[in-house]
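Asker: Right, I'll just put the structure down here and ask away after.
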Amino acid sequence: MRRGIRSLAIIGGLLVAGIAVASAPSLDRVVGPFELDGAVGDTISARLYSATLNEVGLAKKLDLGYADGGFSYTPSEVSSKEVFVVVDLRVTTEFDRVLLGYSQLVIDGVEYRAAPFLPGRTMLSPPGGPGIPVEGTLVFEVPSSVVESDAAAHARLHIKSQLTPQLESVPVFTIDLTGLDVERVRVLEPAEIPEDIR
């Protein structure tokens, strides 16, 4: 009789421990970033900066004519065998300059990093300072098959200034890439302080 009660107590203890482990949040959820959701046209205010997603486009080629400044190694155009996802942003920092080089476009669980090849002043290292908005572009190179997939209707753009923004708020925009036409050439402009602020 005692052995049966002891066995039931052990089984009950294991069940309670199993439920506690299964329902406890993962370490990523405990110390991970706080995602603040929005869509095209929204402004999301995080702790370190606010971001507005002005426009999203697709292109096969990028015109970087703005970079023609006498540097022979700077190409005026960049082509892709795949598709460039081009996002136009407005970012205002709260305390100090914010580098957006860790921004990601996530489609169906696959993360695409912002392309580092844009020359000159870019949103990877925008000009300006605290309280001064900057408008510019981030570019992501994504396979054509992914852009044409159903998952591209729920792509998520993470505007990140750190690789692992623990316990930090991060603007995340949900965008639909499926209804966009692919432009043959898209002209890019450097990251700048908007004219209405100058």
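Asker: State whether one or more residues within the range 88-99 are without any contact (Cβ under 8 Å) to a residue 60 or more places away in the chain and aliphatic (A, V, I, L, M).
Answerer: No, every residue in the range 88-99 fails to be without any contact (Cβ under 8 Å) to a residue 60 or more places away in the chain and aliphatic (A, V, I, L, M).
Residue by residue, here is whether (1) surrounded by 14 or more Cβ atoms within 10 Å (Cβ to Cβ); (2) outside any loop (DSSP other than H, G, I, E, B) holds:
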{"site": "118", "(1), (2)": "yes, no"}
{"site": "122", "(1), (2)": "yes, no"}
{"site": "130", "(1), (2)": "no, no"}
{"site": "145", "(1), (2)": "no, yes"}
{"site": "152", "(1), (2)": "yes, yes"}
{"site": "173", "(1), (2)": "yes, yes"}
{"site": "196", "(1), (2)": "no, no"}
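Asker: Scan (1) surrounded by fewer than 17 Cβ atoms within 10 Å (Cβ to Cβ); (2) closer than 20 Å to residue 37 by Cβ for the single condition residue 160 breaks and write down its number.
Answerer: With (1) surrounded by fewer than 17 Cβ atoms within 10 Å (Cβ to Cβ); (2) closer than 20 Å to residue 37 by Cβ applied to residue 160, the lone miss is (1).
Asker: Pick from 57, 41, 109: which is closer than 25 Å to residue 151 by Cβ, modelled with pLDDT of 80 or more and loosely packed, with under 10 Cβ neighbours inside 10 Å?
Answerer: When all the criteria are applied, what remains is 109.
Asker: Count, please, the residues in the range 89-106 that happen to be modelled with pLDDT under 95 and either β-branched (Val, Ile, Thr) or within 12 Å of the chain's Cα centre (by Cα) (or both).
Answerer: Of the residues in the range 89-106, 10 are modelled with pLDDT under 95 and either β-branched (Val, Ile, Thr) or within 12 Å of the chain's Cα centre (by Cα) (or both).
Asker: Something else about it: Do you know which residues across the range 82-106 are among the hydroxyl-bearing types (Ser, Thr, Tyr) and buried (at least 18 other Cβ atoms within 10 Å of the Cβ)?
Answerer: The answer is 92, 93, 103.
Asker: Tell me, please, whether a residue that is over 22 Å from residue 117 (Cα atoms), modelled with pLDDT under 65 and not in a helix (DSSP H, G or I) can be found in the range 61-70.
Answerer: no
Asker: Could you tell me which residue of the range 112-123 is modelled with the lowest pLDDT, considering only residues that are out of contact with any Leu (no Cβ under 7 Å at 6 or more places or on another chain) and not aliphatic (A, V, I, L, M)?
Answerer: Out of the qualifying residues, it is 120.
Asker: Right, something else. Return a yes/no flag: does the range 104-115 have any residue that is part of a loop (DSSP other than H, G, I, E, B) and of a type in the set (Ser, Thr, Tyr).
Answerer: So far as the range 104-115 goes, no, none of its residues is part of a loop (DSSP other than H, G, I, E, B) and of a type in the set (Ser, Thr, Tyr).
The values are calculated or read from the model by the stated rules, or taken from the named source; none is laboratory data. This one's a predicted model, so the numbers in the text were calculated from it and none came from an experiment. Cβ sites come from the backbone with ideal geometry, for glycine too, and all protein chains shown count toward neighbours.
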